[in-house]
């Protein structure tokens, strides 16, 4: 008897009713909404943390280059107090070393570094599609403070200040 019943169950051609299909779709939808509710904030947090880590690395790398120039400076000419109001092409600050080194924004608003040998942007042009950076320099009692501000298209910004005392700078 057991085998006959198994054959009958396996050969039954009955399908799924419309009600069963609708109920299963509703259950599946509720499960997907629950999963999305849990994972969406995690993705947003991951994106934000990733952007902040990238910004920290970027500002540290740029500041390292600037501070190396500042360490060897004999004279520094600071730029304007409010780098947000700098007109394109204006020099932000000049560091006098063996050769003058200019940090400036070009006509496209890209932060650049110019020496006698070369003139180059500090960041790739792709960076400026979603972010921008400004720099300022101040000198007080022989201490040089470089302030970098990173602005992102999605509204956040990050400020960093770095201080150094150049060996050859007269206070």
* Asked: Between the helical axis of 2-11 and the dominant principal axis of the chain, each derived from Cα atoms, what acute angle in degrees is found, rounded to the nearest 10?
  -> 60 degrees
* For volume of the Cα convex hull per residue in Å³, which listed value, (1) 218; (2) 228; (3) 106, comes from the coordinates shown? -> (2)
* Would you kindly state how much longer the chain becomes between residue 19 and residue 68 on full extension, computed as 0.36 nm times their sequence separation minus their alpha carbon distance, in nm to one decimal? => 10.4 nm
* Would you mind checking the tilt of helix 18-71 against the longest principal axis of the Cα atoms of the chain, expressed as 0 to 90 degrees and rounded to 10? => 10 degrees
* What ranking do 142-155, 117-130 get when scored by the average of other Cβ atoms within 10 Å per residue, highest first? -> 142-155, 117-130
* How much mean residue ellipticity at 222 nm does the chain get from its helices, if each DSSP H run of length 4 or more adds -39500 (n - 2.57) and you divide by all residues, to the nearest 500 deg cm²/dmol? -> -13500 deg cm²/dmol
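No value in this document is a laboratory result; all are computed from the given coordinates. Note that the coordinates shown come from a computational prediction; the quantities given were computed from them, not determined experimentally. Positions of Cβ are backbone-derived with ideal geometry, glycine not excepted, and every protein chain shown enters the neighbour counts.
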